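One structure is given here, and the rest of the page talks about it.
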Amino acid sequence: MPDQDDVRRLALALPDVEESTGAFGFSVAGKGFVWLWRERVDPKKKKVANPEVVVLPVADLGEKEALIASVPGVFTEPHYNGYKAVLVRLPEVALDELAELVTDAWRAIAPPALRARLD
């Protein structure tokens, strides 16, 4: 069962990734590509970070729908409707699936020159 340490290891293995100094998250070229999902647990209180769910950008809405339909643990919620990102429940994905999802999220955000370095 993957956890935040696995996400950190996978993200930092990619070119030019920086880890956030505040909340859990990672960026490339100044743009976030992994962060914790903030959910509203109590309607009267602010949203709180869920340590078992990460948000990952995707290339387009078609990819988003395909992932939701095909990968257990990948989902969305109303706040992300129309937004090119998926939510991933870490306890429900295999480590190899998570590695692919994190790498694809990096690719969706990284500039072409950096993507070329990975290829």
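Observations on the structure shown:
- For region 13-27, filtering for residues that are assigned to a loop (DSSP other than H, G, I, E, B) and either β-branched (Val, Ile, Thr) or free of Cβ contacts under 8 Å to residues at least 60 places away in the same chain (or both) leaves 6.
- Answer residue from region 25-40, given it is in contact with a helix residue (DSSP H, G or I) (Cβ under 6 Å, 6 or more places away or on another chain) and within 13 Å of VAL7 (Cβ to Cβ) and is surrounded by the most Cβ atoms within 10 Å (Cβ to Cβ) among those: VAL34
- In region 28-41, the residues that are without any contact (Cβ under 8 Å) to a residue 40 or more places away in the chain and assigned to a strand (DSSP E or B): TRP35, LEU36, ARG38, GLU39
- Answer from ALA69, ALA49 - the residue that is free of Cβ contacts under 8 Å to residues at least 12 places away in the same chain and among the small types (Gly, Ala, Ser): ALA69
- Candidates PRO78, PRO43, PRO91, PRO72, filtered to the one that is touching a strand residue (DSSP E or B) at 6+ places or on another chain (Cβ under 7 Å), surrounded by fewer than 16 Cβ atoms within 10 Å (Cβ to Cβ), of a type outside the set (Ser, Thr, Tyr) and over 28 Å from LEU114 (Cα atoms): PRO91
- Any hit, region 92-106, residues being at pLDDT 95 or above and of a type in the set (S, T, N, Q): yes
The values are calculated or read from the model by the stated rules, or taken from the named source; none is laboratory data. Keep in mind the model is a prediction, meaning the values are calculated, not measured. Quick reminder, even Gly has a Cβ in these numbers, built from the backbone with ideal geometry, and neighbours come from all protein chains shown.
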